[in-house]
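One structure is given here, and the rest of the page talks about it.
The values are calculated or read from the model by the stated rules, or taken from the named source; none is laboratory data. If you're wondering where the values come from, they're calculated on a predicted model, not measured in any experiment. Cβ placement follows ideal geometry from the backbone for every residue including glycine, while neighbour counts extend to all protein chains displayed.
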């Protein structure tokens, strides 16, 4: 029971500052869950992010479910997910009650503009961390360039390739041609 409470409280704390979505949360999740708690390795966390990207829902919520499940089975997954959702649900309820009255105030618009800048920095930081752990040789660099081209310039192609298809194809490619994420 103590471990379930610890799971709930840890993910409640993480969920309380979940601004900007999953990739913006990567540095925080890495610090809290890999460095501090030592519940998962960095490689596990990146794998959970990859799976979380392919599954429905919020990436960081999916990651909390995976980690909770790894720690304490199905109940742990549910408890970690509920912990992650507790504070955001309360915040959304409060914002929904009051935002329409204040959304047009310059101070609120400026606050959101500042938050967007911060989120961009956090996402960029996450990209740099992902890059250093993922692009480990010429094969993974080539895969990155192909996926980047298809994602960035897909609108110019006659057929748009959905992101889920790119992720699945990259996974299949990794199975047949990858090095298991081992750094040279």
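The figures follow:
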{"item": "Test: residue in segment 109-117 that is touching a helix residue (DSSP H, G or I) at 6+ places or on another chain (Cβ under 8 Å), exposed (fewer than 14 other Cβ atoms within 10 Å of the Cβ) and assigned by TED's automatic domain parsing to the domain that holds residue 26", "result": "no"}
{"item": "Test result for residue 65, surrounded by 17 or more Cβ atoms within 10 Å (Cβ to Cβ), assigned to a helix (DSSP H, G or I) and assigned by TED's automatic domain parsing to the domain that holds residue 28", "result": "yes"}
{"item": "Residues located in segment 126-141, provided they are over 12 Å from residue 30 (Cβ atoms) and touching a residue at least 24 places away in the same chain (Cβ under 8 Å)", "result": "127, 134, 136, 137, 139, 140"}
